[in-house]
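J.: Below is the structure I would like to discuss, written out as structure tokens.
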Amino acid sequence: MTGARDLSLPREINDPAVIDRAHMFHPGTHLADFASGELPSQIITGGEGIYVTDRDGHRMIDGFAGLWCVNVGYGRTEIADAVHAQMAKLSYYHAYNGNSNEPAIELAGRIAGMIGLDMNHVFYGLSGSDSNETNAKIVWYYHRILGKPEKRKLIARQRSYHGSGVLSGSLTGQPGFHGLFGLPLPEVIHVSAPHHWLDAHPGETERAYSRRLAQELEATILSEGPETVAAFFAEPVVGSGGILPSPEGYWEEVQQVLRRYDVLLVADEVVTGFGRTGAAFGSHLYGIRPDLMALAKGLSSGYLPLSASVVSDRVWQVLEEGTRQNGPFIHGWTYSAHPVCAAAALANLDIIDREGLIENARDTGAYFQQCLREAFGNHPMVGEVRGVGLLAAVDFVEQRSPRQFFDPARRIGAQVTETARRKGLIVRSMPRIDGIGFAPPLTLTRAEADQIVDIARSATQEIAATL
């Protein structure tokens, strides 16, 4: 490349859209298209309930709760009031060397009480990515204290999302997070994600399919050497990789394999935690007994950044022994256990409890799933409708039988997503197979569910008519 362009702006320019393109480095964005203006800019300025509004006054249903985050909906003044009160009392203090604060303490006890499952110790961070970085370090520390330093390999699943850091991005099973960054790290191995409709053999039941995936996991452990495999990271429902609920028997079969070879189980509940599936946690829904858990998103409904790594009692006992032998556990973040973020989370959990939002995700979620199946189940461009609670996906196909997928270059899912946005609904295009995903706030009513389905169907019909 020759001389660099001067991208600075005159100081008198104060248009946010212009400043945005000139100075904001957006995540997951085609940088050249955004800088040139080819990629549309959308600046969100307000939100209330399940709706957000952009700077042009365009009001839209947020059918994806931000990024799976805003479980209690937008504009909750009680959370803002709790944040203000905590800032006035104690805006920040660190949690190193035994220091603490009251909101973080109360929240830790509340998280442990909600989860149960002998998981009683909470380490705080700011994002799902850092919670999985923490979990991986705990896994490695645990095995070293037990005299097994060679147990370092981490198994995750294709299509999974566990973060975008160096290690958490390695655990993520999506190619875009890997190649140009020189990832995944050599310690990370990927096995198949469960998607019965896509990958099952003809006539294979869900139970048989689950058993086959467990056998693949076992074969991978044996191939790598059980003495080298430390942990298995998995989401109860695969999230950004396609919204894939676990098939019948999957977790029963997988957990038997993990116990057989002394492989820890890390449940990534960043998306599924705090009611999204219609149960408090995906682990409750599927009978999972994790050794470690990752939480974020619904913990504070995105009102402030907060994550948590939750440690089971059996792992904690080893961590305690490790500090007896070696001194302090040397890991942490500047903002671990931030009192203002914890205050926001406590107010958020109060709303979830008071308004019965977990139960609403179960009941209204069941209605929403039914409406999606009725609207799309026989559509000639739809291959599968699937979901659980207030998580759902619709996959598009060029031909239903025999099954034939669209050329990815045609970006059918992205076209439907953009058309839905113009019609007043935010959904998200899904990878691997062209499709759209839904994860609306847990406050959703049946009337609002009807609106989402109607707009999504209209957008799909509009694109289908052009094919």
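Rule-based calculations on the coordinates, nothing more; no lab input. Being a predicted model, the structure only gives us computed values, none of them experimental. Please note: Cβ atoms are built from the backbone with ideal geometry, for glycine as well, and neighbour counts cover all protein chains shown.
J.: Which shape class, rounded, prolate or oblate, goes with the chain when its Cα gyration tensor gives a ≥ b ≥ c as root eigenvalues, a/c under 1.5 marks rounded, and past that a/b bigger than b/c marks prolate?
T.: Numbers: a/c = 1.43, a/b = 1.15, b/c = 1.25.
Judged from the Cα gyration tensor, the chain comes out rounded (a/c under 1.5).
J.: Over what distance in Å are the Cα centres of region 385-400 and region 141-198 separated?
T.: Centre-to-centre distance over Cα atoms comes out at 26 Å.
J.: Only bridges with both residues in the chain count here: give the DSSP antiparallel percent, nearest 5. Don't skip to the answer; put the middle values down first.
T.: On the way: 33 of 49 bridges.
Once the DSSP bridges in the chain are tallied, antiparallel ones form about 65 percent.
J.: With charges only on Cβ, +1 for K and R and -1 for D and E, what is the dipole size of region 79-354 about its Cα centre, in debye, rounded to 20?
T.: Details: 21 positive and 28 negative charges, 52 e Å.
It works out to roughly 240 debye.
J.: Related question: Using mean Cβ contacts within 10 Å as the protection proxy, how do 254-265, 27-38, 357-368 order, highest first?
T.: Values: 254-265: 17.8, 27-38: 10.8, 357-368: 20.6.
Ranked by mean Cβ neighbours within 10 Å, highest first: 357-368, 254-265, 27-38.
J.: So how do 373-384, 400-411 stack up, highest first, on mean other-Cβ count within 10 Å?
T.: Values: 373-384: 16.7, 400-411: 11.3.
In descending order of packing, they fall as 373-384, 400-411.
J.: Now, a different point. Would you list, by chain and number, the lysines whose Cα falls below 19 Å from the Cα of residue 151, excluding same-chain residues fewer than 8 positions away?
T.: By straight Cα distance, residue 151 reaches 137.
J.: Order 461-467, 60-66 from most to least packed using the mean count of other Cβ atoms within 10 Å. Let's see the in-between values first.
T.: Details: 461-467: 12.7, 60-66: 23.0.
Going from most to least packed, we get 60-66, 461-467.
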